[in-house]
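The values are calculated or read from the model by the stated rules, or taken from the named source; none is laboratory data. Note that the structure is predicted; figures quoted are calculated from it, not measured. Cβ atoms come from the backbone with ideal geometry, glycine included; neighbour counts cover every protein chain shown. What goes into the accessible areas is simple: the full protein's heavy atoms, side chains included, and nothing from ligands, DNA or RNA. Shrake-Rupley method; radii C 1.70, N 1.55, O 1.52, S 1.80 Å.
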Amino acid sequence: MFRKIIKGGHRKPSSKSEPNDPSLYGCGPPAPANRNSGSVTTTNVIVNHASRAGLASSGPNPIGVAGVVSVVPPSGSVEPLPLFRDVAVSDPQNLFLRKLQICCFQFDFSDTLKSAREKEIKRQSLMDLVDFIQSGSGEITETCQEEMIRMISVNIFRCLPPASHENTGQEGGEPDEEEPYLEPSWPHLQLVYELLRRYVVSSDTDTKVAKRYIDHSFVLKLLDLFDSEDPREREYLKMILHRIYGKFMVHRPFIRKAINNIFYRFIYETERHGGIAELLEILGSIINGFALPMKEEHKLFLVRALIPLHKPKPIAIYHQQLSYCITQFVEKDFKLADTVIRGLLKYWPVTNCQKEVLFLGELEEVLEATQSAEFQRCMVPLFRQIARCLNSSHFQVAERALFLWNNEHIVSLIGQNRSVILPIIYEALEKNIQSHWNQAVHGLTVNVRKMFLEMDAELLDECQREHAEKEAKAREVEEQRALTWKKLADVAAQRREDDT
């Protein structure tokens with residue numbers, strides 16, 4: 001409860017570059033609240049679209065060509081407008097603009113009783129606009145499209161509440177144990193997002209016209225909102241951005257670059273962001289559509305952004321989506337397997353056992369798509385790491401590493417290169433059999449040893465002899481060390497006796 005009170009009282013800017021620039025969010029300084037209506041109003045709402053300069057600054061306009069939104073009138077003076085389907089309107093555009101004007105008003109949702117009538121009128125207007133766009137019953141003029149995008153911008157581009165770690169001092173990256181923060185204005189916000197989604201996916205939307213309003217500035221602000229703590233909002237943002245990427249081909253390189261920048265900031269600066277999983281989910285679909293041969297730009301994205309995403313602490317939140325993206329790259333171009341595996345080894349966790357389990361799961365998926373030539377390039381450092389995992393005192397890590405031998409393709413790769421792999425891991429297998437505390441790990445290790453025995457009994461015997469010789473030498477060295485220390489102790493004792 002304390003955290004929710006704090007969230008309502010403090011706001012953080014959704015943009016990371018210029019948090020104090022109000023125009024960055026599509027809103028100017030707030031006007032004083034109307035005491036009669038209990039609503040929060042916004043004046044001088046400006047959205048910087050590419051088409052803004054071409055607009056005339058004179059003439060009547062329900063919302064205002066210059067982007068100025070009227071102050072909400074006192075309670076009771078906002079009247080509901082008729083539905084599109086209930087009125088035979090010769091010019092539906094005028095009714096459309098009047099509804100947009102109502103939907104630009106902002107209300108205070110911290111008190112559900114304030115402006116309840118006006119809130120309901122706005123909700124009904126939004127629902128009617130959504131139905132009108134979906135039905136495709138009338139052509140939407142360019143002016144209406146621009147005003148609609150302005151209305152959408154006024155509603156969704158806003159200051160986000162501070163994340164939980166900013167109020168509680170909780171270390172970033174730890175999943176919040178409490179329920180996620182839910183946006184109070186969601187009854188209106190959801191309909192605004194739905195309107196934008198249906199506008200983007202509508203077959204009546206001309207991309208040549210729409211791209212003047214859904215421009216780079218709009219896309220950047222949309223990406224800023226992915227840091228919202230409300231999972232419902234992030235889900236809508238994911239759907240909308242994916243549709244924008246699919247429909248507006250001119251924006252594709254820009255969107256990929258902007259997502260890259262979010263990842264870079266997350267990896268190397270903050271390690272705090274609420275929407276990494278959703279962004280990766282979009283990228284998974286994008287990577288799936290990459291043409292072959294793969295562009296160098298896409299390979300650099302893999303090396304510079306996706307692989308380093310294994311570094312941050314909160315990887316568990318987005319690992320499933322990240323693993324899918326990585327696997328897509330390897331399935332698209334099997335020659336990338338060596339790069340990916342070496343990247344995993346570079347960021348392999350040392351003290352975080354749960355993270356190790358995730359890495360081993362991802363490694364199995366990558367190895368399933370790996371060909372023999374690429375496997376041979378990285379198998380030595382790879383199985384040195386697997387040997388360390390086999391001897392982990394954390395039974396889940398050791399168990400997950402042993403599960404690799406349940407995969408037929410991986411066993412086939414190991415069998416083809418057993419003369420290199422078995423000498424690397426033999427000592428780890430013997431150590432588990434002799435002294436691992438967990439019975440399940442002990443049993444799985446015995447099964448793996450049996451598999452090698454069936455593959456090549458002579459090689460296993462040779463490894464066993466080498467291991468025995470190595471242990472004998474180690475015992476001899478240890479005995480020699482003990483003898484040396486005993487001699488030193490005797491000499492020291494003799495000197496003490498001589499001194500006395």
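General remarks:
- Residues that are among the hydrophobic types (A, V, I, L, M, F, W, C) and open to solvent by 40 Å² or more (accessible area, probe 1.4 Å), drawn from the range 118-144: Met127
- Pairs where the first residue, in the range 327-352, is in contact (Cβ under 8 Å) with a residue 24 or more places away in the chain and the second is β-branched (Val, Ile, Thr) and part of a loop (DSSP other than H, G, I, E, B), C-beta under 6 Å, 6+ apart: Ala337/Thr370
- Residues of the range 199-229 classified as touching a strand residue (DSSP E or B) at 6+ places or on another chain (Cβ under 9 Å) and either among the basic types (Lys, Arg) or open to solvent by less than 40 Å² (accessible area, probe 1.4 Å) (or both), total: 4
- A single entry from Arg252, Arg265, Arg243 fulfils the requirement of being in contact with a Phe, Trp or Tyr (Cβ under 7 Å, 6 or more places away or on another chain), assigned to a helix (DSSP H, G or I) and either under 18 Å from Gly289 (Cα atoms) or not β-branched (Val, Ile, Thr) (or both): Arg252.
- Residues of the range 306-318 classified as surrounded by fewer than 20 Cβ atoms within 10 Å (Cβ to Cβ), part of a helix (DSSP H, G or I) and of a type outside the set (Gly, Ala, Ser), total: 2
- Residue list for the range 399-418, restricted to those being more than 17 Å from Thr370 (Cα to Cα) and either modelled with pLDDT under 95 or open to solvent by less than 10 Å² (accessible area, probe 1.4 Å) (or both): Ala401, Leu402
- Residues of the range 284-305 that turn out to be surrounded by fewer than 14 Cβ atoms within 10 Å (Cβ to Cβ) and outside any helix (DSSP H, G or I), as a count: 5
- Flag if Ser372 is among the small types (Gly, Ala, Ser) and more than 30 Å from the chain's Cα centre (by Cα): yes
- Qualifying residue in the range 232-248 (condition: of a type outside the set (A, V, I, L, M, F, W, C), open to solvent by less than 10 Å² (accessible area, probe 1.4 Å) and either touching a strand residue (DSSP E or B) at 6+ places or on another chain (Cβ under 8 Å) or touching a residue at least 24 places away in the same chain (Cβ under 8 Å) (or both)): yes
- Number of residues in the range 353-381 that are assigned to a helix (DSSP H, G or I), open to solvent by less than 50 Å² (accessible area, probe 1.4 Å), under 17 Å from Leu336 (Cα atoms) and of a type in the set (Gly, Ala, Ser): the value is 1.
- Residue match in the range 186-206 (condition: at pLDDT below 95, hydroxyl-bearing (Ser, Thr, Tyr) and over 28 Å from the mean Cα position of the chain (by Cα)): yes
- Residue-level check: of (1) among the aromatic types (Phe, Trp, Tyr); (2) more than 30 Å from Glu374 (Cβ to Cβ); (3) crowded, with 16+ Cβ neighbours inside 10 Å, Trp485 misses just (3).
- Residue that is farthest from Asn352 (Cα to Cα) [pool: residues in the range 388-398 that are in contact with a helix residue (DSSP H, G or I) (Cβ under 6 Å, 6 or more places away or on another chain) and open to solvent by 10 Å² or more (accessible area, probe 1.4 Å)]: Asn391
- Met455 touching a Gly at 6+ places or on another chain (Cβ under 7 Å), open to solvent by 30 Å² or more (accessible area, probe 1.4 Å) and under 22 Å from Leu382 (Cβ atoms): yes
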